[in-house]
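What follows is a single structure, written as structure tokens, with notes after it.
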Amino acid sequence: MKRTGVMAVVFGASFLLALSFIIPEGAGAAAKYTLKVGHNQMEKTVRQQASLKFKSLVEERSKGEIQVQVYPAQQLGNDLERLQALQMGTLEASISALPRMASALPAVQVFDLPFLFPSYEVLFKVADGKVGKEISDQMEKKLKVKGVAFWHTGFKQFTANSPIRKPEDFKGLKVRTMENPFLIAQFRALDANPVPIDFHELYTSLQQKVVEAQENDINTIHDMKFFEVQKYITISNHAWIGHVFAFSTAFLNKLPQNLQAIVIGAAQEAAKDDRYGVIDSEKTMLKTMEGKGLSTIRLNAQELDAFRKKTRPVHDQFADRIGKDLVALAYKEVAAAEKAVK
């Protein structure tokens, strides 16, 4: 019996020693902090996969001190509801669309200035540079939330039932827009007839010819099947639908400095998965839509310049609201980024 007991102890010690090499440090420890992050998109999307990347990075780097729970598909409310929850300290993090913040933070509309950004490479440099920092600083000062990384759903494109290659092609065209003075002004500058329509009514409105054209990112055009009720897509990249990964300042302030650095760094690192995942999905989705009969129009440099000149008055019209200094900074940063990527 004594021999059996000794063997059992030896075997148990050996087993525990083996486990110590298998189980990561901190894996069995109870989390000290819970971080809930919510977003709008469905589970089978680039956004969800990038959010899970964020979860993995945080949990691994914090050695289990922070447990991350990801809630897609507006499970924690829409953009504005989640923003309010961040401000109240009842939600730790949210990935929210910048346009939804425009009424409270007009500076975000710098990304809506039509035909400002010539490419994703230039855009990302500007968003990650002084312009993005200024917006994040204003977000913290005015909204009391900490924006740390810019994610996105992509550039906006035009779709229509007639080819759009030049500004004159918009003349008199009934174009769906949001109830947004900035976007209405954009289409009026193109001599179109902007018609504010709720997004959830857009497919039916296009189908019934209430409107003849609209703007959206490629992922939305694909997922909402607008290609079924539109004949053409013009790759205009005329404005950006940016999102911000923001934290509750109350949550960040209760974290030690090392854990603050971990969650902020993870949000910035996972942003790359979101950004380039969206770009890759755009290529696939565009091919799918073309296979369904949607015709693609790609604007050359001269055609883009014509649109840029036609919509420039919109920049001037809203510069005061956005902030003249910020608009001037954006022009400067775009020019610098263009040189850097060439």
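The values are calculated or read from the model by the stated rules, or taken from the named source; none is laboratory data. What you see is a predicted model; the values in this text were computed from it and never measured. Reconstructed Cβ throughout: ideal geometry from the backbone, glycine too, with neighbour counts over all protein chains shown. Remember, those area values only see protein heavy atoms, side chains included, never the ligands or the DNA or RNA. Shrake-Rupley method; radii C 1.70, N 1.55, O 1.52, S 1.80 Å.
Pairing each residue of region 287-298 that is more than 18 Å from residue 217 (Cβ to Cβ) with any residue that is modelled with pLDDT of 95 or more and in a loop (DSSP other than H, G, I, E, B), provided the two are 6+ apart or on different chains, yields C-beta distances under 7 Å for 295/231. Taking region 250-267 as the range and being buried (at least 16 other Cβ atoms within 10 Å of the Cβ) and among the polar types (S, T, N, Q) as the test, only 260 passes. Checking each residue in region 138-185 for being in a strand (DSSP E or B) and hydrophobic (A, V, I, L, M, F, W, C) picks out 145, 148, 149, 150, 151, 155, 158, 160, 175. Restricting attention to region 57-68, the residues that are without any contact (Cβ under 8 Å) to a residue 60 or more places away in the chain and open to solvent by 60 Å² or more (accessible area, probe 1.4 Å) add up to 3. Looking only at region 151-162, residues that are over 24 Å from the mean Cα position of the chain (by Cα) and open to solvent by less than 10 Å² (accessible area, probe 1.4 Å) come to 1 in all. Residues considered: 251, 226. Of these, the only one that is closer than 25 Å to residue 292 by Cα and modelled with pLDDT of 95 or more is 226. Scoring residue 38 on the criteria (1) buried (at least 23 other Cβ atoms within 10 Å of the Cβ); (2) over 14 Å from residue 246 (Cα atoms); (3) under 15 Å from the mean Cα position of the chain (by Cα) leaves a single failure, condition (2). Of the residues that sit in region 163-176 and are touching a strand residue (DSSP E or B) at 6+ places or on another chain (Cβ under 7 Å) and open to solvent by 10 Å² or more (accessible area, probe 1.4 Å), which one is farthest from residue 209 (Cα to Cα)? It comes out as 165. Would you check if residue 302 is free of Cβ contacts under 8 Å to residues at least 60 places away in the same chain, of a type outside the set (Asp, Glu), in contact with a helix residue (DSSP H, G or I) (Cβ under 6 Å, 6 or more places away or on another chain) and assigned to a helix (DSSP H, G or I)? So residue 302 fails the test. Given the options 105, 113, 143, 123, name the one that is more than 15 Å from residue 244 (Cβ to Cβ) and of a type in the set (A, V, I, L, M). Going through 105, 113, 143, 123 in turn, the sole match is 113. Annotation note: of 77, 129, 147, 89, the sole residue that is buried (at least 22 other Cβ atoms within 10 Å of the Cβ) and at pLDDT 95 or above is 147. Taking the listed residues 96, 136, the one that is surrounded by 21 or more Cβ atoms within 10 Å (Cβ to Cβ), closer than 20 Å to residue 245 by Cα and at pLDDT 95 or above is 96, with no other qualifying. Residue count for region 196-206, restricted to those that are touching a helix residue (DSSP H, G or I) at 6+ places or on another chain (Cβ under 8 Å), of a type outside the set (Phe, Trp, Tyr) and closer than 19 Å to residue 162 by Cα: 2.
No other residue among 118, 114 is closer than 30 Å to residue 331 by Cα, in contact with an Asp or Glu (Cβ under 7 Å, 6 or more places away or on another chain) and not in a helix (DSSP H, G or I) apart from 118. Considering region 177-210, the residues that are of a type in the set (A, V, I, L, M, F, W, C) and more than 25 Å from residue 102 (Cα to Cα) include one that is least open to solvent (accessible area, probe 1.4 Å), namely 206. Just to be sure before I move on: is residue 103 at pLDDT below 95, farther than 22 Å from residue 272 by Cα and open to solvent by less than 90 Å² (accessible area, probe 1.4 Å) in the structure I sent? It is false that residue 103 is at pLDDT below 95, farther than 22 Å from residue 272 by Cα and open to solvent by less than 90 Å² (accessible area, probe 1.4 Å). Report whether or not residue 308 is in contact (Cβ under 8 Å) with a residue 60 or more places away in the chain and over 29 Å from residue 84 (Cβ atoms). Yes, satisfied. The set of residues from region 318-342 being open to solvent by less than 50 Å² (accessible area, probe 1.4 Å), within 12 Å of residue 109 (Cβ to Cβ) and in contact (Cβ under 8 Å) with a residue 60 or more places away in the chain comprises 318, 322, 323, 326, 327, 330.
Give the residues of region 28-49 that are closer than 14 Å to residue 252 by Cα and in contact (Cβ under 8 Å) with a residue 40 or more places away in the chain, sorted by residue number. Hits for region 28-49 are 33, 34, 35, 36, 37.
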